Amino acid sequence: MPAPQSDLLQGTLDLLILKALALQELHGMGVSRRIAQITVGTFDVKAGSLFPALHRMEQAGWLTSAWGESETNRRAKFYALTKAGRKQLRTESERWERISLAMATALRTT
Amino acid sequence: MISRLRALWNNVFRREQLDRELDEELQAYLELASAEKMREGVSPEEAYRDARRDTGGVEQVKESVRDVRAGVWLDRLVQDLRYGVRTLAKNPAFTLIAIATLALGIGANTAMFNLLDQVVLRLLPVRDPERVVIVRETGNHYGNGYGPNTISWPMFEDLRDNNQVFSEMFCRFPATITISGGDRAAQIPAELVSGSYFPILGVGAALGRTIAPDDDAVPDSRPVVVLSYSFWRSYFDGDRSIVGRTINLNSYAMTVIGVAQPGFDGVELGVPAKVFVPIMMKTEMTPHSDGLKDRRRRLSWVTAYGRLKPGVSMEQAQLSLQPLMHSILEMEVQQPEFTRSATPADREPFLRNRVELLPGSENDLREDMRRPIWLLVALTGAVLLLACANLANLLLARATARERELAVRLAIGAGRARIVRQLLTESLLLSAAGAVVGLALAFLVDRILLRIYLPADAASEFVVSPIPDGRVLAFVVGAMLLTSVVFGLLPALRGSRTEITLSLKDRSGTLSASGISLRRMLVGVQVALSLLLLVGAGLFVRTLRNLDSLGPGFPTDHLLTFRINPSLNGYSDEQTKSFYQRLNVKLQTIPGVASVGFSSMPLLKGYAWQNAVLGKDFEGAPIEEQPVLSEIGPDYFATLGIPIVAGRAFTAQDVGPAKYAVINESFARQYLPGGNPIGQRFGLVDDMEPVSPDIEVIGVIPDRKYRDLRETPPAQAYFPYLEGVHFRFMNIYLRTQVDPRQIENELRERMRQFDPHVPVVELQTVNEQIGLSLRTERLVASLSAVFGGLATLLAVIGLYGVTAYAVMRRTREIGIRMALGAVPGDVIAMVMREVLILIGAGLATGFLLALALANLVRSQLFGLNPRDPLTFVGSAIVLTVAAGLAGLIPALRASSLAATTALRHE
């Protein structure tokens, strides 16, 4: 059984996935790697969380998917942001920055 | 939004492709992950295994992806249903038993609820039916009457003109009239209604117009008639040109002014009126009695209705009407009509009479059927409960047997909620199938029940339809959901608690123990309910047997009866009398007829003509003690087989001016005590004029029943029919030498030849008539017997199941005991002790229940106590023997096990 996930709020995971796909389209493994990379290894998103999130976000219309070829020449499903996904990324980023600023201020206060 | 809809569409209709794509996507992920690990120097096999492990289980990932799909619930439901159907189909015996049990439970309940709804609960099909009430007078009326809900015409006028609580009042009188035309004639139920009837009820016309207040202002002035919609369709084939034409009612030309709106058959549910006539035409429609123009206050005949003013409750109205009623009674008590009908001692009780309001839908049929139908509803409720207990037991047994299956499903990743849902889906499937079959069953049962309940000539087009409406369907769905939750939830919850490791490891015969106490309890409940139903069945069957063995006191075999009413054909009194005399001769010539008797009053139909009598030494009497009277033809007693114990019977020569009577022994004891009654005289009290004792007793007969089989014969007096006042109706009795049913057709044909305009009504044998009068008792007895037997069967099956299971669980223990020297008798005793404890506990509970509920059925019993010891003990013995045998089978099987086999038993 997998070790307990670090407490990843659903909104956080969604935001990380949107961010990971902001530059280029990626397949599932790619998204996982990219998140590890941009969070400097803090978040290691397992398949059990990643795929449900990807499918849910696709159904919400934020992502679209297409079959392509992976770096190992294998057929893989690539995800990309839609227009709605970019908008979501913007609003969610702003919200998150507000929250993290507020949290940081709150925690520094003695 | 659109993307969601598309996703939903894909998820529902392209599931397999989505699943294939998901497989491929995850496969790619795994390969990429293991390639990464291989780059770190891990061997390919190990890399792949690690990758798989890191995902936390590929199947689980798939499952959680499916969980986020739009419309996942629908998907799951379809999956559950499919799986449920497959599981149930794999076990057809279980499935069939379960569905049959449920169908019986739900079907019986639906049939009864439908009957209850339509016969007892339903309101009138009019505007605001709950605001329409019947106004009646309680207590003794001291006069003649047409039933407990009627009042006199002048009293109706007093109430109508002086009350403060009704926006308006109307009244009606049900009459049987003859409709004739061309070569056909028929007697049909009619309603004579006041002019305010249709407007107050808010019933309109489908064609033409309804009766208006103007039509009902002056007696005899407006010969108009409104047809009921169903009668217009059936009798006149829906002929639209009927409005404005005249039809003959009682040979009186009446103009059809309209057809009432569909579905309205008058205000007496159960006796659909075919035509509506202004009550001012009473004289023409009921030539045998008046009451309208003579304004008699001692003849109660109209049923009065009022529509409550807005904001006035029934209780308020009843209170506020009381002073008015009292002032009417104060006035009536002064009238000579009253003083002639009652003794001075009757004044006080009469003045205590009160006004009472009843729901407008109330009538005699409802009154009679309310208790029996509620009783049957209660019985069927108990049967449903039993069926549920039985199914819960079956499902528990199945859940135990399926513990391994459930454990496997839990182990490979099914959630517990999912398992509960799956098991509930199965029980819902079962109960839905049960409900469908039950509904069909209920439809059939209701058709049969209505036929039993209703007079034969009304049954064919009776308004109580056997097709259930929305409320009944709601009841069925409710019953279905309730049962499936009741019998499905317990096993489901237990099933979901299954310990994976325990169940998978545990391959031995030591089946889980926790279910057994629950199952025992369910069996105990079944035994208790069965005892309750068996006791009920015993009480009702014995009541029926008591009633059946009563007999009226004269031989009823070979006795045929029918009714005619020539006066409804417009015959004058003289023509009617001559008609009877000629008919009497004619009937005697029919081959197979031994003797013919005429009587103005029917026998054993619950009706009676009662009147106070006076003589030298006595005067008047309250109605309960008034003798029962009839007017009869010369051969009446000979035809019925009633002997003459003193004096003589009437002859054809007993015609005026002298008045004669034949009395029974009770009459002689009560009114003419001491000495020979022959030659003594008495008189009939008349509220219209003073009378003297001028009727001479010429004969005495023994006491025989008159109104119904349950009565002790009342005092009776008979007068010659052609001299009487009630001769316009006549009941004819034929004693036959052959089976009376062989003569029925011949008789009809002869009557038609004799006079085609006088229809023969209610032609039947007296035995059939008696059978019909006991139909409610027969219905209750037969249904409760069926329910009792069914309940016992279910309890026995339940007990067998739980005992067999207990024995199987203890096989190894039994083996050890036998190895240590126990003989088969010890094993049987061991098993049977538990069985008997279970039965005993069930019986004790059942006894307490039955004793507590016994009083509720007292009024439905005859000739025995509701706590009849014989019935109670008998039921207990039957149940103990049946259930004991069911327990003995597994006990015997256990005792015959060889010790070695039992020990090796895994």
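Bear in mind these aren't lab numbers, they're just calculated from the coordinates by the rules spelled out. Predicted, not measured: the structure shown is a model, and the values here were computed from it. Virtual Cβ from ideal backbone geometry, glycine too; neighbours counted across all protein chains shown.
Overview of values
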| quantity | calculated |
| --- | --- |
| Amide H partners (placed H, <5 Å) of B:V628, local residues excluded | B:A715, B:Q716, B:A717 |
| Theoretical gain in end-to-end length, B:R669 to B:L96 [0.36 nm per residue, Cα-Cα removed] | 199.6 nm |
| Semi-axes of the equivalent ellipsoid for the stretch B:55-160, Cα gyration tensor, largest first, Å | 65, 22, 9 |
| Evaluated over the protein assembly as shown, the Cα radius of gyration and Dmax, each in Å | 41.6, 136 |
| Residues listed by number, the stretch B:151-170, amide nitrogen under 13 Å from B:Q335 label point at 7 Å toward C-beta | B:151-159 |
| Contact order relative to length of the stretch B:566-757, as percent, for alpha carbon pairs under 8 angstrom and 6 or more apart | 31 |
| Cα long-axis angle, helix B:364-401 against chain B (0 to 90 degrees, to the nearest 10) | 10 |
| Relative contact order, percent, chain B [alpha-carbon distance under 8 Å, six or more residues apart] | 15 |
| For chain B, alpha-carbon Rg over 2.2 N^0.38 Å | 1.28 |
| Most to least packed among B:125-132, A:57-64 [average Cβ atoms within 10 Å] | A:57-64, B:125-132 |
| All Cα pairs of the stretch B:223-298, percent lying beyond 18 Å | 46 |
| Equivalent-ellipsoid semi-axes of the stretch B:2-70, from the Cα gyration tensor, Å, largest first | 31, 11, 9 |
| ³J(HN,Hα) computed for each position of the stretch B:115-127 - Karplus, 6.51 cos²θ - 1.76 cosθ + 1.60, integer Hz, glycine/proline x | 4, 4, 4, 7, 8, 10, 8, 4, 8, 5, x, 9, 5 |
| Viscosity 1.567 mPa s, temperature 4 °C, Stokes-Einstein D of chain A from Kirkwood C-alpha radius, µm²/s | 87 |
| Of A:K19/A:K77; B:K577/B:K616; A:K46/B:K62; B:K274/B:K309; B:K62/B:K90; A:K46/B:K37, those spanning more than 25 Å from alpha-carbon to alpha-carbon | B:K577/B:K616; B:K274/B:K309; B:K62/B:K90 |
| FRET efficiency, 1/(1 + (r/R0)^6) with R0 41 Å, evaluated for B:R209 and B:A658 via beta carbons | 0.15 |
| FRET E, pair B:S572, B:Q316, Förster distance 41 Å, beta-carbon r, rounded to 0.05 | 0.20 |
| Rough spin-label spacing in nm, given labels placed 7 Å along Cα→Cβ, for A:K46 and B:T255 | 9.4 |
| Net length gained if the chain between B:T138 and B:N767 were fully extended (0.36 nm per residue, minus Cα distance) | 222.9 nm |
| Karplus 3J(HN,Hα) series, Hz, for the stretch B:873-887 with 6.51 cos²θ - 1.76 cosθ + 1.60 (x for Gly, Pro) | 5, x, 4, 4, 5, 4, 5, 4, 4, 4, 5, x, 4, 4, x |
| Average partner coverage of B:55-65, which counts Cβ from other chains inside 10 Å | 5 |
| Cα→Cβ-extended label distance, 7 Å offset, between B:R748 and B:A594, nm | 2.6 |
| 15 Å beta-carbon shell around B:V535, net charge (K/R +1, D/E -1) | +2 |
| Loop trypsin sites (Lys or Arg not before Pro), the stretch B:304-398, which have at most 15 other Cβ atoms in a 10 Å radius of their Cβ (DSSP) | B:R352, B:R354 |
| Cα centroid separation - the stretch B:254-318 against the stretch A:73-95, whole Å | 80 |
| Label-point separation, B:N855 to B:L493 (7 Å along Cα→Cβ), nm | 3.6 |
| Hits among aspartates and glutamates - C-alpha to C-alpha of B:K605 under 15 Å, sequence gap 8 or more where chains match | B:D364, B:D368, B:D708, B:E711, B:E762, B:E768 |
| Chain lengthening between B:R53 and B:M521 when straightened (0.36 nm per residue, less Cα-Cα) | 163.8 nm |
| Residues B:R867 and B:S782, FRET efficiency given R0 of 25 Å [Cβ-Cβ distance, rounded to 0.05] | 0.65 |
| Farthest positive-ward along the stretch B:2-70 dipole, Cα basis, beta-carbon charges - from B:S34, B:S64, B:L8 | B:L8 |
| Neighbour cut-off at most 16 other Cβ (10 Å), DSSP loop, trypsin sites (Lys or Arg not before Pro), the stretch B:219-262 | B:R245 |
| Relative contact order (%) - the stretch B:2-70, alpha-carbon pairs under 8 angstrom, separation at least six | 38 |
| Overall Cα dimensions of the stretch B:566-757, principal axis frame, Å, largest first | 52, 34, 30 |
